[in-house]
1. Once both labels are modelled 7 Å past Cα along the beta-carbon direction, what's the B:I38-B:D80 spacing in nm?
2. Show log10 I(q)/I(0) for the protein assembly as shown at q = 0.05, 0.07, 0.12 Å⁻¹, two decimals, from a solvent-free Debye sum over equal Cα scatterers.
3. Given Cα positions, please report Rg to Rh for segment A:54-133, the hydrodynamic radius being the Kirkwood one.
4. Over 30 Å between Cα atoms: which of A:K300/B:K5; A:K14/B:K103; A:K117/A:K372; A:K230/A:K288; A:K2/B:K103 fall into that group?
5. Just want the ordering: A:K39, A:K230, A:K351, from fewest to most Cβ atoms lying within 10 Å of their own Cβ.
6. Let me know the whole percent of all Cα-Cα pairs from segment A:224-331 that are separated by more than 22 Å.
7. Using Cα centres only, tell me the gap between segment A:55-127 and segment A:200-261 in whole Å.
8. Bins of 10 Å, beginning at zero and ending with the bin holding the largest distance: percent of Cα pairs per bin for chain B, please.
Amino acid sequence: MKRTYSEINEKIRKRKAVVLTADEVIDLVKDKGVENAAKEVDVVTTGTFGAMCSSGAFINFGHSDPPIRMTNISLNGVQAYGGLAAVDTYIGATQVTDKKGGGYGGGHVIEDLVAGKKIHLVASGPGSDCYTRKSIETTISLNTVNEAYMYNPRNVYQNYAVATNSSDKTLQTYMGKLLPNFRNATYSSAGQLSPLINDPHLDTIGVGTRIFLGGGEGYIAWSGTQFNTKADEVNGVPTGGSRTLALIGDLRGMNREYVRGLDIFGYGTSLAVGVGVPIPILNNDVMKRCAISDGEIFAKVFDYGTCSSSRPVLGTVNYADLRSGKIECGGRMMRTSPLSSYKYAKNVAQKLKDWISNEKFELTVPSIPLPKEGSVRGLR
Amino acid sequence: MSDKKFRLKFNDSNLHDSVSYILVSKFNIKPNVLQARIDGSGGRMILAMSGAENDITNAIMYLRSVDIEIEPLDNYVKRDDNKCIDCGSCISLCPTFAFEMDKETWDVKLDTSKCVACGFCISACPTHAIMLKLNL
């Protein structure tokens, strides 16, 4: 079976495209086999919703009169980057408020912007003959600014670590609260719904692929930072963090439901972003890979009690077990907590399915493929 | 049989009373001290009582007669569903298994009757969705 992007889009325009979510397609392939399923299904939608720390937004505030070249910028007390042109900035998700107590950061500013709330802007600059003003304090919102678009350098990690803690102290990590002596383990991937797990070698996903981003439309801008193709694989899927995507999309059109500031205690702030990637069923092989289920997707368990970039691996577990609420690893039973929301991941995949089924979303042919090779260097 | 939680306040005159012993021996109640603290303003306790409805009522009357303030602890743990993203970070932290993932809807369910107000989930919630009102 072979199918092209344009054939799929033709069917979308006629509302005849058959679209299933990545979890729905598992049973179909089990029942009918890969070939029959591939004939039937045009598009499979994926979804994920979790902390994606390497996220942020570019904003252009517009010029005041007299104008100012802003070099120190704060939005609701959170510092934004002052090294771009006069009234351009980038606000990053993990930038924490300067105010005592913390708990609020760049991720929350972005959530508030998307929610349509007013944001307190305080900025100053050196002043010059062309930008005479030296300070400004005002309020902005998504309606008042010229542009505001999300640009996330590293999102939707293809699989990720499972974290546990061998030490005798509770650890507050970006993988959540880890109880002493292996008493719990946390994991983050959406597993069988996760975008890059359903097209593990990026056969259909590339630069320019139109996606669901934060409740609106976005695009794959580039390969993500720390893009890695060298991870071990089981069933054709990496068993740890590997490929990543850089994503772009207009904040206007996004929905606060899928753009949430997070405060990860003891670590800092972040942003939960809902991302869904449509996978065109171009051939049997693509179909087969989309049918992977949680029981076939494995992740390595790392000991975060050892603070090193090469943490010890304690074992490998699958997502069906992780999702059951407890795993056995190294002869120990551990209770598990997901850190990303499976419910929201399902909602993302469903929403994207609805868009495509209702002719609101056509698939784009990637402009260029993402790298076939990539590895991660350390810092000396 | 009934299972209820209470907030108790002690003063100088009753700080040495063994509430647990009295509840067991006089009222056939199974007490469970969830939290206890003594400071400048007296003693505070979060206490669960398990027993017959009638026995619990009598025990409350007795405690009040010896000047121990006692009031039922209701709605002390709350979740703001507008903030909760149903991630499940809280699930493996709860010592009493009060949180559970619904495998049909993938909602994180909170059974407040299991909560012993330890507060361990509060800081672990990345969206500040869980609140504990104890005034201990």
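What follows draws every value from the coordinates through simple rules; no lab data is involved. All values reported here derive from a predicted model rather than from experimental measurement. Here the Cβ is made from the backbone with ideal geometry for all residues, glycine too, and neighbour counts use every protein chain on show.
1. Spacing of the two 7 Å Cα→Cβ label points: 3.8 nm.
2. -0.25, -0.48, -1.10
3. Using only Cα positions, Rg/Rh for segment A:54-133 is 0.99.
4. The pairs that break the limit, which is 30 Å between Cα atoms, are A:K300/B:K5; A:K14/B:K103; A:K117/A:K372; A:K2/B:K103.
5. Neighbour counts put them in this order, fewest first: A:K230, A:K39, A:K351.
6. Of all Cα-Cα distances in segment A:224-331, 54 percent exceed 22 Å.
7. Cα centroid to Cα centroid, the span is 25 Å.
8. Result, from short to long distances: 11, 38, 28, 18, 5, 0 percent.
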